[in-house]
Amino acid sequence: MKISRPIRARIDPAAIRHNYRIAKQYAPNSRAWAVIKANAYGHGQWRAVEALRGEADGFAMLESENAVALREAGVTQPILLLEGIFSARDVRAVVEHRLTTVIHCAEQLELLVRNATFSAPVAVCLKLNTGMNRLGFTAQTLPAALAVLRQLPVDITLMTHFAEADSERGVAWQMERFRAIAGDWEGPVCLGNSAAILRHPEAHGDWVRPGIMLYGASPFAGQSAEELGLQPVMALESALIGVQQLAAGERVGYGGTFTAERPMRIGVVACGYADGYPRHAPTGTPIAVLGRRTRTIGRVSMDMLACDITDIPEAGIGAPVTLWGDGLAGQVPADEVATAAGTISYELFCALAPRVPVSLGGASDVDVR
Ligand SMILES: *Cc1c(COP(=O)(O)O)cnc(C)c1O
């Protein structure tokens with residue numbers, strides 16, 4: 001069913017490919033798991049898989065059911081389960097479909113040992129807790145796990161995850177702990193996320209795990225995606241469906257949180273929090289109308305938000321709007337919208353609502369007549 005309400009998300013598969021190549025340029029000696037968890041950060045798992053099918057060294061995700069679906073769709077590259085196995089069924093899927101699984105605790109190792117047939121070697125990423133303190137073995141628990149695994153036909157990679165690769169503290173402290181826990185380990189290691197790929201070449205390892213950078217956003221507060229050579233992948237676009245002329249003193253939207261200090265023209269956009277636009281985006285969040293950057297006004301409601309078009313007199317009902325991304329109405333980096341709304345682009349992308357129709361292609365692919 002073609003939806004006539006004007007909101008659309010446009011996903012550019014060529015940009016995903018470009019961004020994956022950038023990850024490989026930054027980490028030329030590593031193989032790269034394309035992280036496609038959370039429905040490829042809201043972009044659509046299959047869109048990301050198709051974009052990278054002939055390109056990615058491997059795919060990383062969470063659910064064994066989704067991993068098996070990739071195998072059944074003919075994906076032959078390694079597939080990594082980032083949180084490992086949750087059930088005996090997952091173990092059978094790992095064996096049968098040659099999935100690579102994280103093992104992050106003794107209970108998970110026991111689940112594997114108890115349920116695997118090991119008809120062929122199983123690829124395991126043994127996760128070390130080096131300071132994130134979510135998942136992973138420690139210096140105390142690793143030796144026992146390794147002793148068990150070394151009795152089995154498994155290919156082991158040691159892995160860890162960085163907590164502060166994007167900020168001042170960096171990765172050196174976790175690298176030090178990694179070396180201390182891993183001891184004389186000489187096998188493969190899997191280390192860097194996007195931030196470490198881009199900023200910490202010493203923390204790449206044999207495998208890296210780019211996520212957010214594939215989707216064209218920056219993992220850093222102070223450095224834009226464009227500066228990093230990344231291309232935006234998702235454009236969220238809509239149009240004006242209402243225009244209001246305000247006298248000084250008029251308020252806008254629920255709660256009347258915005259008051260016009262002078263006469264103003266505002267546009268009402270068919271996009272609200274039920275589309276995935278953050279409700280906590282305040283007045284002043286960047287938005288583009290008819291090729292011009294402007295700001296949102298007042299509270300975001302479920303289906304609509306308002307923007308200032310006082311200085312865009314040509315903008316009337318039907319004028320195109322870019323909420324974020326490289327849209328027909330102009331460019332608005334998702335990172336800037338996220339910062340204004342006190343969050344990160346990861347959350348904006350993941351929150352894209354199912355009711356928003358998605359089309360494929362970049363801004364230049366769209367026929368504007
Ligand atoms: C999500 C995730 C990544 C990707 O992180 P980005 O910051 O998006 O690059 C890498 N490794 C693990 C374990 C993850 O869960």
Is there any pair with a first residue in segment 82-111 that is within 16 Å of the ligand (Cβ to nearest atom) and a second that is aromatic (Phe, Trp, Tyr) whose Cβ atoms are under 9 Å apart and which are 6 or more apart or on different chains, and what are they? Leu82/Trp33; Thr100/Trp33; Ile103/Phe137; His104/Phe137; Cys105/Phe137; Gln108/Phe86
Of the conditions (1) within 12 Å of the ligand (Cβ to nearest atom); (2) touching a Pro at 6+ places or on another chain (Cβ under 7 Å), the single one that Asp206 does not satisfy is (1)
Looking at segment 229-244 only, could you name the residues that are within 17 Å of the chain's Cα centre (by Cα) and either of a type in the set (Val, Ile, Thr) or within 12 Å of the ligand (Cβ to nearest atom) (or both)? Leu230, Val233
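Conditions tested, residue by residue: (1) more than 14 Å from the ligand (Cβ to nearest atom); (2) free of Cβ contacts under 8 Å to residues at least 12 places away in the same chain; (3) assigned by TED's automatic domain parsing to the domain that holds Leu360.
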{"residue": "Met1", "(1), (2), (3)": "yes, yes, no"}
{"residue": "Arg8", "(1), (2), (3)": "yes, no, no"}
{"residue": "Ala34", "(1), (2), (3)": "no, no, no"}
{"residue": "Ala38", "(1), (2), (3)": "no, no, no"}
{"residue": "His43", "(1), (2), (3)": "no, no, no"}
{"residue": "Leu52", "(1), (2), (3)": "yes, no, no"}
{"residue": "Ser64", "(1), (2), (3)": "yes, no, no"}
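The rows are residues; the columns are (1) within 18 Å of Arg10 (Cα to Cα); (2) surrounded by 15 or more Cβ atoms within 10 Å (Cβ to Cβ); (3) free of Cβ contacts under 8 Å to residues at least 12 places away in the same chain; (4) not assigned by TED's automatic domain parsing to the domain that holds Arg21.
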{"residue": "Ser238", "(1), (2), (3), (4)": "yes, yes, no, yes"}
{"residue": "Gly255", "(1), (2), (3), (4)": "no, no, no, yes"}
{"residue": "Phe258", "(1), (2), (3), (4)": "no, yes, no, yes"}
{"residue": "Pro263", "(1), (2), (3), (4)": "no, no, no, yes"}
{"residue": "Val269", "(1), (2), (3), (4)": "yes, yes, no, yes"}
{"residue": "Thr283", "(1), (2), (3), (4)": "no, yes, no, yes"}
{"residue": "Pro286", "(1), (2), (3), (4)": "no, yes, no, yes"}
{"residue": "Val289", "(1), (2), (3), (4)": "yes, yes, no, yes"}
{"residue": "Gly298", "(1), (2), (3), (4)": "no, yes, no, yes"}
A careful count of residues in segment 193-203 that are more than 8 Å from the ligand (Cβ to nearest atom) and either assigned to a helix (DSSP H, G or I) or surrounded by 23 or more Cβ atoms within 10 Å (Cβ to Cβ) (or both) gives 6
Within segment 278-285, identify whether any single residue is closer than 28 Å to Asp365 by Cα and in contact with a strand residue (DSSP E or B) (Cβ under 6 Å, 6 or more places away or on another chain), and answer yes or no. yes
Just checking, which of Thr310, Thr343, Thr322, Thr339 is over 15 Å from the mean Cα position of the chain (by Cα), within 23 Å of Ser194 (Cβ to Cβ) and of a type in the set (Ser, Thr, Tyr)? Thr339
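The values are calculated or read from the model by the stated rules, or taken from the named source; none is laboratory data. On a predicted model such as this, the values are computed, not experimentally measured, just so you know. Don't worry about glycine lacking a Cβ; one is built from the backbone with ideal geometry, like all the others, and counts go over all protein chains shown.
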